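Colleague: This is the structure I have questions about; it appears just below.
The values are calculated or read from the model by the stated rules, or taken from the named source; none is laboratory data. The structure displayed is predicted, hence computed values, not measured ones. All Cβ positions, even for glycine, are placed from backbone atoms using ideal geometry, and neighbour counts span all protein chains on display.
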Amino acid sequence: MFGFCMIPNSMLTGKKAEAHVPRGTKNGFVPTLKTSTLPFKWNCRRSRRLLCTIYPENQADSMSAEASSGTSGVAETVQDKKLKFPLVNRPLPVLQILENFRESYIYCGEEIDTEPVVRPLVSFATQCCGMGKSTLGIRFRELLLTDRERFVRHIVSLPGLRAESNFGELAVNALINETLYISLDLRQCPRGKWFENTLEKWITEEVVSQYPNCSELLSKDSCGDFVENILHATNKRYLFLFIDENGALKEENLRSFADLSEIDKFTGRPNPFRSFFRSVHYFACQCFVICLIAGIPKSIVDAEEYYALSPLSVEFIDLNPFSKNDIESFVRGTTYGNDSVLRLLFPSCPQGINWFFEMIHDYTAGIPAHVVRVMRELTNLCTESKEFSDLSRDEMKKTMEKILPDPSLSVTSLDMTPNETTKFCALLLAGVWELPVPERETFRKELNLFPDVIYVLDTARSFGFHFVKMDKDEFDEADTDLRIFPVFKLMFPKIVLRYIGKEYWENPCFRFISCLFASISDRHVDYSRKSLFKIVFSLILYTRLSCCKRMGELSIFRRTLAENISMRSVECNSISNMELEVKNVPAFCTTAGDSVDNADLSNAWKLFYEHYLSSDGIYLSEEENSYGPGVLIRISDVMQSSSITCEGEPSSEQISNPLQKQKTYLIGISLKCYDDSSCTISHDIIKEEVASFLSPVSSQLDLEENNVTVIQLIVSNRYTADVRSRLKNNQSWILDSGVYYEDGNGQLTNLSLSSQSFVGSHREWLTIPSRCQLVICSPQSLTEILGGTPDIKLKRLFCNSRAWWEHFKLLWTLLENSLQESLKILSSEKSKQDAGAVAQGKSKKMKAVSSSVGSVRQGKFDWMEFLKTYCDLTESEASACFYAVEGFSESEMEVVDTSMLEELGIDDPLKRVKIVAGMASYARKKRQS
């Protein structure tokens, strides 16, 4: 697919470069260009050229074919010798290049366009590595041959040709047979004093390497322009000049050129790019030069500024990733030996399988270099062992996900700071949601991220993102800015995400998004406001759980059956020890047909649980018509821990038997936040939600036999007055197992499941089955879990507006708060281990405290309750100090002092005094008892 850059096979020994005088300019101004020779004179010169003996046209064919099996910048190995990749047609960029060439000349009606404009228009390809920029330039002629008929129909005008009835055929024939193709890689630029002179000499050497018999003619002095002499010597009509690796201008070997080191009078610093464009202008303003430049400048906007004051006009080329159809065409055209590679991969189905093409597109995002990498590795596996032939869909997915990208094509840093990692995660989410990014959108100074103005696309590209221009028809007419200016969407290949995953797996935000990326299907997903909130809520919940030792440390799970679920083992304090996976699952619809293989609805939840929820993890429903919770959490707890026992919930003593099955919790979270379709939560809506999840799950799953506890959590930012009145102290409203009755005044009364039903004016409102619990999350608990962001700001994140900055700013804030909390806890744990060792040494000198003295609560010591009861701390203050003190035992309380607490991260001196005093008071009461 990708071709090698052509390197000259022979070098000419020219005269020494003389003192450089920039051509085409005088005192910084562009003079009026002379009109080129008339068409009839040009044709006369052509007749004289026929006297020259030159190499035949098929030499260019052989040079292009030689590059057909390589990748840009990657050498071909012996193992790949039999593997040949086809050339996927790129009609859009080819037509763009030809259109830019046409616009560089003044239209003369029926006459032939021979007069270049003052500022010629050159094409500029600035996409990231692996997008096929080099292939586009090196194999431009082959691209014309690949889809010749299309170009015959679409090319209606070309400089140097008269308008005739069969113009398209004449134009394509001229581009294929009458065009001299020169490719230059700036990384291979020869040494010299003046770049413009060196470039001219280099082009001459390339011409002679293709046509050795022209060297004598080119070495003679001529009064014509440089390009005119080359075209005359080679009997060609056009010169296609491709200059690759424009970014190499910043390298040391090119800084030696005097004209590239000139000081820019506007910035006071050397500006090699602007000098480069000035040198290219000398060639582009001559007849007839089709100029294409490829490279990755440091900044898109900087690149625009470089040529803004230069004598060139530059047009960016749209070089998009492969579509699914392109990948199918590419794979079908790939051969191994003399046969299709599909016959090697799928002997039983040599025509290929649709899911295989879709899987490649999903894993590589259509980036050509990654597609080549995957095909090459799969082919090598099949040639080494037949076990990798005819793989099933799941087996192929596992095999493909082990393939990593070529490290030379990955620009994503493996040493990002936490600040950069948070920014990277926010950009990943922006890419998942396909948020439109205007070309000149910048990161604002409000976040204090950047001292200077930095453009979003430049930052995204530095992280390894690709971006694709979005169609203006995708936006409403009200989005004026998005319809007028160029807008892009970000893309990040999964293959690269797996490559960098091991470096940032300790970061819970990255871990969640990475797992989410892996489970997102390759079909297009229309993310609504409900979906946006579901992902953000689950991400923050996952990040917080990653640094908790028990779920009760989060306000939304406190004082519920899930409070004491252990999140991490005691032996390992690493944040990566939490093994909850993140997956997308199909929606559980009312018909249950699409989700559970047309099973009967009375058994649908049982089959859904066994098929999709067989392991611990956080599961997000893919679709929006889900009948039931939007988020499902399955988590197992095998450790003995005290809990707030509710009716129907076994105590910790009941699971002490090691032969007993582990306790499994299934938590269904119904999100009713910031969604137009969700109204204010009332008693009736609560009843409907229970009927959609808690009741059918409890009736279909054998909770007692499988030791399963089911919790339904309804999360909302708005409730009716009667519901809100039951959220005492703005904490969650918890309904345990039982039957709940409502009288005419709306007052609730509950009885156990075994009690007799009420008669009279009371009517049954809700039944919570055994081993089940319903939790209504308060707005305050919701705000705490989301990082304390006021509701009015969150509404902006989940609004219908597609404004980039509003979304990114809130995403950044939410992720930053969650990540900082995680890093604070990790730092606290490390300090706690050091200080705990000191405290343990001191405690050995004390007499053992009687074991008969009870703790604040039977079982594991409840430090949260201790901090609130004995230290007079509020809920939020106790949560902040919890991680600093939870490592101490009751016997160590009397040796803890304020200096230890300061080392453990408690900065407030008043809190330290309160805690030390509380510990002393608690220890004193224990001795007295």
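Colleague: Can we say residue 415 is surrounded by fewer than 22 Cβ atoms within 10 Å (Cβ to Cβ) and either assigned to a loop (DSSP other than H, G, I, E, B) or touching a Pro at 6+ places or on another chain (Cβ under 7 Å) (or both)?
Modeller: Spelling it out, residue 415 is indeed surrounded by fewer than 22 Cβ atoms within 10 Å (Cβ to Cβ) and either assigned to a loop (DSSP other than H, G, I, E, B) or touching a Pro at 6+ places or on another chain (Cβ under 7 Å) (or both).
Colleague: Return yes or no: is residue 170 at pLDDT 85 or above, among the aliphatic types (A, V, I, L, M), in a loop (DSSP other than H, G, I, E, B) and not assigned by TED's automatic domain parsing to the domain that holds residue 296?
Modeller: The answer is no for residue 170.
Colleague: I would also like to ask the following. Determine if the stretch 225-244 includes at least one residue that is of a type outside the set (Phe, Trp, Tyr), modelled with pLDDT of 85 or more and closer than 30 Å to residue 463 by Cα.
Modeller: Yes, the stretch 225-244 has at least one match.
Colleague: Here's something else I'd like to know. With the checklist (1) outside any loop (DSSP other than H, G, I, E, B); (2) at pLDDT 70 or above; (3) crowded, with 18+ Cβ neighbours inside 10 Å in hand, flag the one item residue 829 doesn't pass.
Modeller: Of (1) outside any loop (DSSP other than H, G, I, E, B); (2) at pLDDT 70 or above; (3) crowded, with 18+ Cβ neighbours inside 10 Å, only one is false for residue 829: (2).
This table checks each residue for (1) at pLDDT 80 or above; (2) farther than 16 Å from residue 920 by Cα.
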site	(1), (2)
857	no, yes
869	yes, no
873	yes, no
877	yes, yes
883	no, yes
890	yes, no
893	yes, no
900	yes, no
903	no, yes
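Colleague: Which one is modelled with the lowest pLDDT, of the residues in the stretch 757-792 that are assigned to a loop (DSSP other than H, G, I, E, B) and surrounded by 20 or more Cβ atoms within 10 Å (Cβ to Cβ)?
Modeller: It comes out as 786.
Colleague: Which of the residues that make up the stretch 697-711 are without any contact (Cβ under 8 Å) to a residue 60 or more places away in the chain and either assigned to a helix (DSSP H, G or I) or over 24 Å from residue 634 (Cα atoms) (or both)?
Modeller: 705, 706 - these are the residues of the stretch 697-711 that are without any contact (Cβ under 8 Å) to a residue 60 or more places away in the chain and either assigned to a helix (DSSP H, G or I) or over 24 Å from residue 634 (Cα atoms) (or both).
Colleague: Of the residues 452, 476, 458, only one is within 23 Å of residue 369 (Cβ to Cβ) and either surrounded by fewer than 14 Cβ atoms within 10 Å (Cβ to Cβ) or at pLDDT below 85 (or both); which?
Modeller: Of the residues listed, the single one that is within 23 Å of residue 369 (Cβ to Cβ) and either surrounded by fewer than 14 Cβ atoms within 10 Å (Cβ to Cβ) or at pLDDT below 85 (or both) is 458.
Colleague: Here are some conditions: (1) surrounded by 19 or more Cβ atoms within 10 Å (Cβ to Cβ); (2) hydrophobic (A, V, I, L, M, F, W, C); (3) modelled with pLDDT of 65 or more; (4) under 28 Å from residue 771 (Cα atoms). Residue 532 meets all but one. Which one does it not meet?
Modeller: Evaluating residue 532 over (1) surrounded by 19 or more Cβ atoms within 10 Å (Cβ to Cβ); (2) hydrophobic (A, V, I, L, M, F, W, C); (3) modelled with pLDDT of 65 or more; (4) under 28 Å from residue 771 (Cα atoms) leaves (4) as the failure.
To keep it simple, each residue is scored yes or no on (1) closer than 22 Å to residue 636 by Cβ; (2) charged (D, E, K, R); (3) part of a strand (DSSP E or B); (4) at pLDDT below 90.
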| position | (1), (2), (3), (4) |
| --- | --- |
| 669 | yes, no, yes, no |
| 674 | no, no, no, yes |
| 687 | no, yes, no, no |
| 695 | no, no, no, no |
| 713 | yes, no, yes, no |
| 729 | no, no, no, yes |
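Colleague: Given 387, 395, 434, which one is under 16 Å from the mean Cα position of the chain (by Cα), among the acidic types (Asp, Glu) and over 19 Å from residue 129 (Cβ atoms)?
Modeller: Exactly one residue qualifies, and that residue is 434.
Colleague: While we're here: Anything in the stretch 879-929 that is among the charged types (D, E, K, R), more than 15 Å from residue 863 (Cβ to Cβ) and out of contact with any Ser or Thr (no Cβ under 7 Å at 6 or more places or on another chain)? List them, or say none.
Modeller: Of everything in the stretch 879-929, those that are among the charged types (D, E, K, R), more than 15 Å from residue 863 (Cβ to Cβ) and out of contact with any Ser or Thr (no Cβ under 7 Å at 6 or more places or on another chain) turn out to be 894, 897, 902, 907, 908, 924, 925, 926, 927.
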